[in-house]
Amino acid sequence: MNNKKKIFPSVLSASIAATMITMSSGSMAADSDPIKVGVMLPFSGVYAGLGESTRNGLKQALKEQGNSIAGRPVEFIEMDTEAKPARAPEITSSLVDNQKADFVIGPVHSGVAMGMIKTIKGKDSIMIIPNAGANAATGAFCQPNVFRTSFSSWQTAFPMGKEAYDMGYKKIVTMSWNYGFGKESLEAFNESFTKAGGEVIKEMLVPFPKTEFQSYLTEIASINPDAVFVFFAGGGAVKFVKDYDAMGLKGKIPLLGSGFLTEGTTTAQGPAAEGVITTLHYADALDIPKNQRFRQDYETLYGKPADLFAVQGYDAGQLIAQAVSATGGNTTDKAALIQQMEKLEIDSPRGAFHFSKAHNPIQTIYLRKVVDGQNTVVKVAQDHLEDPARGCKL
Ligand code: BEZ
């Protein structure tokens, strides 16, 4: 950007003028400097598939812009988080402090998100979370330079409590990996299920990223609840849904989940996933022209069907493109960029959304059912649901 030209005083001393000309030409060169996008995603481990879809979606959105925004090329710097929270501060700091990334896109795992937020707080890079749901990210730890194109833990699980009760289930067992997002999902489910009149009779927590579920499933069979509500994702979701079927529980005890249980996994889960009911802010079969176009283009580019993680990555890319276009390519003035981001409406494949004051999407949550390997919409569970953003002072 060449904004400095606009604030030149009319009279300059020679030395000041020389300095200004150097700065000015430097800033003109900066006009065509790349927009640096750091990418912190899991490319290995149990969430590797989620990381890959997110990156694919992000790159699809920027490809639609010719990989250039307001005349500036986009440069990606990719880092594998391995979904390990301990890696977050070091990688974030290398992208923010050494590489001077304009944006940092990531992560998938809530524990990694919290480490990133602590490191990026008060820094000159803008973090866009394309998946991790930790409530605190847009709650007690919300920051002016942190946005989320995904969801809060609360948003994806709270609507299912009432839905489950309305389906006639009164006594439920809940289960998830034992870390922030899983525990918050169970809490949110519990909040609305007990409010409706139901009872969670047992909560089971499995160490992350363990995928040996047999002993837990044996216990569920002996408890024989009305239904089971779980959070698992990626490789863990594939294994859980197949084990649930293989142990003969499917058809006896209905399986419910936050939507990650059947997201990007139904091909690998096969017939075991059929009929599984979940809540989420997206469904493959959403009848929205933007979704149909997005899915067609994704399949052409990557040779496989899109999923929610791809949508959220795509929307992170759309957010960057729209915000940087709105500032005419200026990424130096981060406050101006943030102001633009706060005002934007994102035309997402999930349906258009805008951000709450806490920078989390206000979005519709669907009740979904797997039919012929696709997440189909049963009904709207909650329209334009806004996270309560507990503790956020923005
Ligand atoms: C999380 O850790 O926030 C998360 C991971 C996978 C799917 C959904 C949420």
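Quick notes on this structure:
- Some residue of segment 278-296 being away from the ligand (no atom under 16 Å from the Cβ), aromatic (Phe, Trp, Tyr) and over 20 Å from residue 46 (Cβ atoms): yes
- Residue check for residue 234: over 16 Å from residue 150 (Cβ atoms) and out of contact with any strand residue (DSSP E or B) (no Cβ under 7 Å at 6 or more places or on another chain): no
- Meets criteria (under 16 Å from the mean Cα position of the chain (by Cα) and buried (at least 19 other Cβ atoms within 10 Å of the Cβ)) for residue 62: no
- Filter pass, residue 167 being modelled with pLDDT of 95 or more, outside the structural domain of residue 343 (by TED's automatic domain parsing) and away from the ligand (no atom under 15 Å from the Cβ): yes
- Of the candidates 133, 115, the single residue that is closer than 29 Å to residue 367 by Cβ and either surrounded by fewer than 23 Cβ atoms within 10 Å (Cβ to Cβ) or in the same structural domain as residue 330 (by TED's automatic domain parsing) (or both) is 133.
- Counted residues, segment 151-187 - those being free of Cβ contacts under 8 Å to residues at least 60 places away in the same chain, among the aromatic types (Phe, Trp, Tyr) and more than 28 Å from residue 112 (Cα to Cα): 1
- Yes/no for residue 303 being within 30 Å of residue 65 (Cα to Cα) and not assigned by TED's automatic domain parsing to the domain that holds residue 131: no
- Scope segment 78-93; condition surrounded by fewer than 16 Cβ atoms within 10 Å (Cβ to Cβ) and in contact (Cβ under 8 Å) with a residue 12 or more places away in the chain; matching residues: 78, 86, 89, 93
- Selection over segment 173-187 of residues that are assigned to a helix (DSSP H, G or I) and within 19 Å of the chain's Cα centre (by Cα) gives a count of 7.
- Total residues in segment 188-215, condition part of a helix (DSSP H, G or I) and either in contact (Cβ under 8 Å) with a residue 40 or more places away in the chain or of a type in the set (Val, Ile, Thr) (or both): 2
- Residue count, segment 94-127 (criterion: free of Cβ contacts under 8 Å to residues at least 60 places away in the same chain and β-branched (Val, Ile, Thr)): 4
- Residue ID - surrounded by the fewest Cβ atoms within 10 Å (Cβ to Cβ), chosen from residues in segment 29-54 that are out of contact with any Pro (no Cβ under 9 Å at 6 or more places or on another chain) and under 21 Å from residue 89 (Cα atoms): 44
- Applying the set (1) closer than 30 Å to residue 268 by Cβ; (2) surrounded by fewer than 19 Cβ atoms within 10 Å (Cβ to Cβ) to residue 326 leaves exactly one unmet item: (1).
- Filtered residues of segment 170-206 (kept if surrounded by fewer than 17 Cβ atoms within 10 Å (Cβ to Cβ) and either in contact with a Cys (Cβ under 9 Å, 6 or more places away or on another chain) or among the polar types (S, T, N, Q) (or both)): 178, 194
- Selection of segment 110-136 for residues being of a type in the set (S, T, N, Q) and within 16 Å of the ligand (Cβ to nearest atom) yields 110, 131, 135.
The values are calculated or read from the model by the stated rules, or taken from the named source; none is laboratory data. As the structure is a prediction and not an experimental result, all values here were calculated from the model. All Cβ positions, even for glycine, are placed from backbone atoms using ideal geometry, and neighbour counts span all protein chains on display.
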